[in-house]
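This report concerns only the one structure given below.
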Amino acid sequence: MVGTSEYFAVMGDPTRMQILHALSDAKLLRAKDILEHVAISQPTLSHHMRVLVEKKIVKANRIGRECFYSIESKTISELIEELKSLQAVKEKPVRAEFSEVSDVKKKKNKGKKEDKEKRDKKKKKKEKK
């Protein structure tokens, strides 16, 4: 999915997540109904709805003078699949070059620990004198 990070950036806003939760509970809401679930002004809601509609996370259906909003299930399904693909990557075995890097880090940390032990011994000797 192209631009996945853009979707998560849009959905990363806490107010927009509240809006999406309200829409997921009710399936179809007017702006007036959404405002009952979210403590923001009408102009602020309009801004958030415009962003959600532009990214096709929410769809808007105008019936007469009123606009009804609902979650765009196709986009949400694609985002879920994208996340599932990341989980599949995690379950694959680690490539050799990554395990080699890990070995280098372990050796480096071991060296630091040995150096610290040497410094501590020297410090104890000085204290005894």
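Derivation of every value follows stated rules applied to the coordinates shown; laboratory data play no part. Note that the structure is a prediction, hence the values are computed from the model and not measured. Counting neighbours? That spans all protein chains shown, and the Cβs are built from the backbone with ideal geometry, glycine included.
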Give me the extension gain from Glu6 to Ser41: residue separation times 0.36 nm, minus the current Cα-Cα distance, reported in nm with one decimal.
10.1 nm
Taking only C-alpha positions in region 1-72, Rg and Dmax in angstrom work out to 11.7, 35
I need the calculated FRET efficiency for the pair Thr15 and Ser85, taking r as the beta carbon distance and R₀ as 25 Å, to the nearest 0.05.
0.30
Starting from 0.36 nm per residue, how many nanometres of slack lie between Arg119 and Lys56 once their C-alpha separation is accounted for?
16.6 nm
Which peptide among 122-128, 23-29 comes first, and what is the full order, when sorted by highest mean count of other Cβ atoms within 10 Å?
23-29, 122-128
Potential lengthening between Phe68 and Ser24 on full extension [0.36 nm per residue; Cα-Cα distance subtracted]
14.5 nm
